[in-house]
Structure formats: C-alpha cells, structure tokens
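The values are calculated or read from the model by the stated rules, or taken from the named source; none is laboratory data. Only a predicted model underlies this, so the values are computations on that prediction, with no experimental measurement involved. Cβ placement follows ideal geometry from the backbone for every residue including glycine, while neighbour counts extend to all protein chains displayed.
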Amino acid sequence: MIHMAIGSHGTIIYVDNHTQNYQGQGQRLAGNRIDETTVNEGLVPHTRELSEYHSIEQDGWTKIALQEEEGTIAIGHIDGRIMVFDYA
C-alpha cells in the first residue's frame, strides 16, 4: 500500500514497501519533485530524481503529511506515534 502527499510547490512524498534493505517487510519514505517549468509551459510534467529519506524494518506507517513551505514531513504510526522530519 502506498500513502502519498503532494505539496503546493510540486513536491511529492510517499511511503511504500519497496525497501531493498529488509526482506519480506519494511517501508521507506521517498519522494521527488515535479518540474514546474514543464507544468507552466503546458507540457507533460516531468519529475526529478527520486530521493529516499528514511526506511524502517516494520510495516507500521499509516499516514503521511507534508508542509512544503516549512520543509516538514509528518508520518503517523499504527500505534499512535508521529514522526516529524525536516528536509531542505
């Protein structure tokens, strides 16, 4: 299952289970950006290179939120905890 958030300036972040570090289970926080110049010119949007921000051995992340202006990502866990990441 993929959980995704899209920011107002073209940042796309998501949580999925495509981890290469762990066999059978695990999740990663990854994302990329939509190239805004192609959108403004009416062309098909292109995304920039994928970035992987964090990964875990369990399958416990359930929700994700993005505050692009502040550079903050929040991830909710099945046990009620919330992790907050800052990015540049």
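Here are the numbers for this structure:
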{"item": "Number of the condition not met by residue 38 [criteria: (1) under 19 Å from residue 2 (Cβ atoms); (2) at pLDDT below 90; (3) not in a loop (DSSP other than H, G, I, E, B)]", "result": "(1)"}
{"item": "Tally of residues being modelled with pLDDT under 90 and under 13 Å from residue 87 (Cβ atoms) across the stretch 49-69", "result": "6"}
{"item": "Pairs where the first residue, in the stretch 72-88, is under 19 Å from residue 26 (Cα atoms) and the second is in a strand (DSSP E or B) and of a type in the set (Ser, Thr, Tyr), C-beta under 6 Å, 6+ apart", "result": "76/62; 78/62"}
{"item": "Of all residues in the stretch 68-82 being surrounded by 14 or more Cβ atoms within 10 Å (Cβ to Cβ) and not β-branched (Val, Ile, Thr), the one that is farthest from residue 54 (Cα to Cα)", "result": "68"}
{"item": "Of residues in the stretch 15-28 being crowded, with 17+ Cβ neighbours inside 10 Å and within 13 Å of residue 62 (Cβ to Cβ), the one modelled with the lowest pLDDT", "result": "27"}
